[in-house]
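Asks: Before I ask anything, here is the structure I am working with.
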Amino acid sequence: MTSRMTHEFESGIPKLGFGMMRLPRVEGSDVIDIDQTCIMVDEFLSAGMKYIDTAFVYEGSEEAVRKALVDRHPRSDYLLATKLNAGMLCHDEESAKQQFYTSLERTGAGYFDFYLLHAISKNNIDKYNEYHIWDFVKELKEKGLVRNYGFSFHDSPEMLDQLLTEHPDVSFVQLQINYADWINPHVKSRDCYLVARKHNKPIVVMEPVKGGTLADPPEKVKELFDAYNPEVSYASWAIRFVASLDGILTVLSGMSNVAQMKDNLSYMRGFEPLTEEEVKVIQQAQEAIASVPQIACTACHYCTEGCPMNIDIPGIFRAYNEYLLYNDLEDAKGSYNFRTKNGGKASECIKCGACEQQCPQHLEIRDLLEQCASTFE
Ligand code: SF4
Ligand code: SF4
């Protein structure tokens, strides 16, 4: 039996979702800035948006959801999504399932509109099966603690097809889609999108701006966008591209400050899909990006927690990609030094491989770090 979205969501959800993975921090600290988060939540809801996304493993995020959202707004004004991660921060079935109850307690939300098995890939799928998480979320739905369940996914289209065949009862999937990765051979975002469409599953999009990279795209891409319309932000092209695809439930933007929220709302409040001419500009941008080889890191940070040398792997890869795209070694070295000033350098990697077990993009992190070390050190 294929499960459908619950009735109240069938009429459509506003296309912009607030991803609470990268919330603003109090200056000079790692503490989430609740005052700024409150302003962002208020702006988001007053613009008519609804979908707010957090996760058990986003440190401090679920508590921030309670303070900025749940304690300050009627429950019917928003849709809340969170996630259970059977591959992280748990060691057995009980502690994996406990994540749900902890999320419920942290947020105080009473129930979740959308509940996800988090970041499924071939590296962690055995845990979800072994811990009976698929049955668990079904039971939560029967009890009314979860309105819809699905999963976020970071692997091949073939694996996605298999999962959706084995679990036709999921009512949505969350996929990584952006214009730069659309035809990227490492991410295959278009192929995954087509699989979800074949199974008739609504899609929540993550990483539409590719971890922030497309807010500041390569010079060739900027020129294309500026020539067409110098008034709009580069991030707006990225978000409107995915929001214009058929079958999209909402597009998560991981907003980190009020300015980003305002920018996102400026074009998503009265969302207009890309025109034919704009689609052509995006195609040219895709060609320009595809012509530069890069490390396909999305800055998800799943790799960093277990690194014994405290290496900021995505930060280092970002610096290296900046070098590949902009070809300015001095500038990229500055970026590398900044990103490694509080942690290990690329050359300090002891090649234990813990990071590669966690990487949803299946990057050969150890080899890539060696390359970065020889370029920057
Ligand atoms: S292989 Fe290197 S980068 Fe990866 S976890 Fe081990 S020390 Fe860290
Ligand atoms: S290297 Fe892999 S796991 Fe680490 S941030 Fe990049 S994509 Fe994520």
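Asks: Which condition from (1) within 16 Å of ligand 1 (Cβ to nearest atom); (2) within 27 Å of residue 228 (Cβ to Cβ) is the one that residue 275 breaks?
Replies: It fails just one condition, (1).
Asks: Something else: Are any residues in segment 171-182 under 14 Å from residue 242 (Cβ atoms) and either within 16 Å of ligand 2 (Cβ to nearest atom) or surrounded by fewer than 23 Cβ atoms within 10 Å (Cβ to Cβ) (or both), and if so, which ones?
Replies: Correct list: 174, 175, 176, 177, 178, 180, 181, 182.
Asks: Do you know which of the residues in segment 321-364 that are closer than 25 Å to residue 86 by Cα and of a type in the set (Gly, Ala, Ser) is surrounded by the most Cβ atoms within 10 Å (Cβ to Cβ)?
Replies: Looking at the filtered set, the residue picked out is 354.
Asks: How many of the residues in segment 209-224 are within 17 Å of residue 299 (Cα to Cα) and in a helix (DSSP H, G or I)?
Replies: Selection size over segment 209-224: 3.
Asks: So, in segment 225-270, how many residues would count as being surrounded by 24 or more Cβ atoms within 10 Å (Cβ to Cβ) and part of a loop (DSSP other than H, G, I, E, B)?
Replies: Total meeting the criteria: 1.
Asks: On to the next question. Here's a check for you: in segment 76-118, which residue that is in a helix (DSSP H, G or I) and among the small types (Gly, Ala, Ser) is farthest from residue 151 (Cα to Cα)?
Replies: My answer is 76.
Asks: A further question on this structure: Among (1) within 19 Å of the chain's Cα centre (by Cα); (2) touching a residue at least 40 places away in the same chain (Cβ under 8 Å), there is one condition residue 200 misses while meeting the rest; what is its number?
Replies: (1)
Asks: Then there's this: If residue 304 passes every condition in (1) near ligand 1 (Cβ under 10 Å from one of its atoms); (2) without any contact (Cβ under 8 Å) to a residue 60 or more places away in the chain; (3) exposed (fewer than 15 other Cβ atoms within 10 Å of the Cβ) but one, which one does it miss?
Replies: Every condition holds for residue 304 apart from (3).
Asks: While we're on this one: Those residues that are within 16 Å of ligand 1 (Cβ to nearest atom) and either not in a loop (DSSP other than H, G, I, E, B) or not β-branched (Val, Ile, Thr) (or both), I need them from segment 278-301; list them, please.
Replies: 297, 299, 300, 301
Asks: Can you pull out every residue in segment 178-208 that is at pLDDT below 90 and part of a loop (DSSP other than H, G, I, E, B)?
Replies: Matches in segment 178-208: 180, 181, 182, 183, 184, 185, 186, 187, 188, 207.
Asks: Next question, about the same structure. If you check every pair at least six apart or on different chains, which have Cβ atoms under 7 Å apart with a residue in segment 255-271 that is under 15 Å from residue 25 (Cβ atoms) first and a residue that is at pLDDT below 90 second?
Replies: Partner pairs satisfying both residue conditions: 256/22.
Asks: So, one more: Do we have any residue at all in segment 290-303 that's within 16 Å of ligand 2 (Cβ to nearest atom) and touching a Lys or Arg at 6+ places or on another chain (Cβ under 6 Å)?
Replies: Looking for residues that are within 16 Å of ligand 2 (Cβ to nearest atom) and touching a Lys or Arg at 6+ places or on another chain (Cβ under 6 Å), one finds none in segment 290-303, hence no.
Asks: Pull up segment 324-359, narrow it to residues that are assigned to a loop (DSSP other than H, G, I, E, B) and more than 13 Å from residue 304 (Cβ to Cβ), then point me to the one that is nearest to the chain's Cα centre (by Cα).
Replies: 353
Asks: So which of 35, 42 is in contact with a Lys or Arg (Cβ under 9 Å, 6 or more places away or on another chain) and in a helix (DSSP H, G or I)?
Replies: Going through 35, 42 in turn, the sole match is 42.
The values are calculated or read from the model by the stated rules, or taken from the named source; none is laboratory data. Since the model is a prediction, treat every value here as computed from it, not as a measurement. Heads up, the Cβs are rebuilt from the backbone with ideal geometry, glycines too, and the neighbour counts pull from every protein chain shown.
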